[in-house]
Amino acid sequence: MRRAVITASATAAGVVLLLSLKPHDPSTAAAISSSPVAGAPRSSAGPTPSPSASSTAASGGTRTVTGNAVNTRYGPVQVRVTFDGSTISKIDVIQYPNRDRRDQEINSYAVPELNQEAMAAQNAHIDVVSGATYTSDGYTRSLQSALDRAAKK
């Protein structure tokens with residue numbers, strides 16, 4: 001009898017804890033889901049350079065480099081990196097898995113998180129976003145290829 005009471009109490013406490021979990025912050029999902037065309041690739045957060053600023057400069061100035069498209073289990077991931085001198089000023093995710101509703105849900109929070117991490121780190125050595133392992137892997141590999149290309153220029 002005593003075991004039944006303890007088991008029931010532990011189960012009730014576990015259920016209460018599970019019900020008290022909060023979902024992800026919906027404000028990050030709103031930032032990426034505002035694409036003008038449904039199903040079109042969405043871009044990252046960050047300032048948009050003027051058309052004249054996106055020209056390639058020798059060592060200073062603003063330049064844009066596109067990374068390799070990395071195939072993942074759920075689709076390709078590809079990034080475009082804008083540099084202001086040697087500093088990453090913007091990262092656009094030009095391809096990522098978005099075929100079905102689950103892909104869109106996962107990447108609506110993963111892509112802004114990856115962009116934020118990469119902008120803060122200023123390199124491709126960033127943490128994987130939980131629940132978006134394949135997208136995170138593709139993102140970091142594409143970002144690294146863009147950084148490698150930028151270093152060669």
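One table, with the values for the structure above:
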read-out: Label-point separation in nm, I6 to S130, each point 7 Å along Cα→Cβ; value: 2.9
read-out: Residues I91, I106, sorted so that the one with the fewest Cβ neighbours within 10 Å comes first; value: I106, I91
read-out: Positive minus negative residues near T82 (Lys, Arg vs Asp, Glu; Cβ under 14 Å); value: +3
read-out: Two-site FRET efficiency, D84 against E105, from Cβ-Cβ distance with R₀ of 22 Å, rounded to 0.05; value: 0.10
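Each reported figure results from applying straightforward, stated rules to the coordinates on display, with no laboratory input. Being a predicted model, the structure only gives us computed values, none of them experimental. Backbone-built Cβ (ideal geometry, glycine too); neighbour counts: all protein chains shown.
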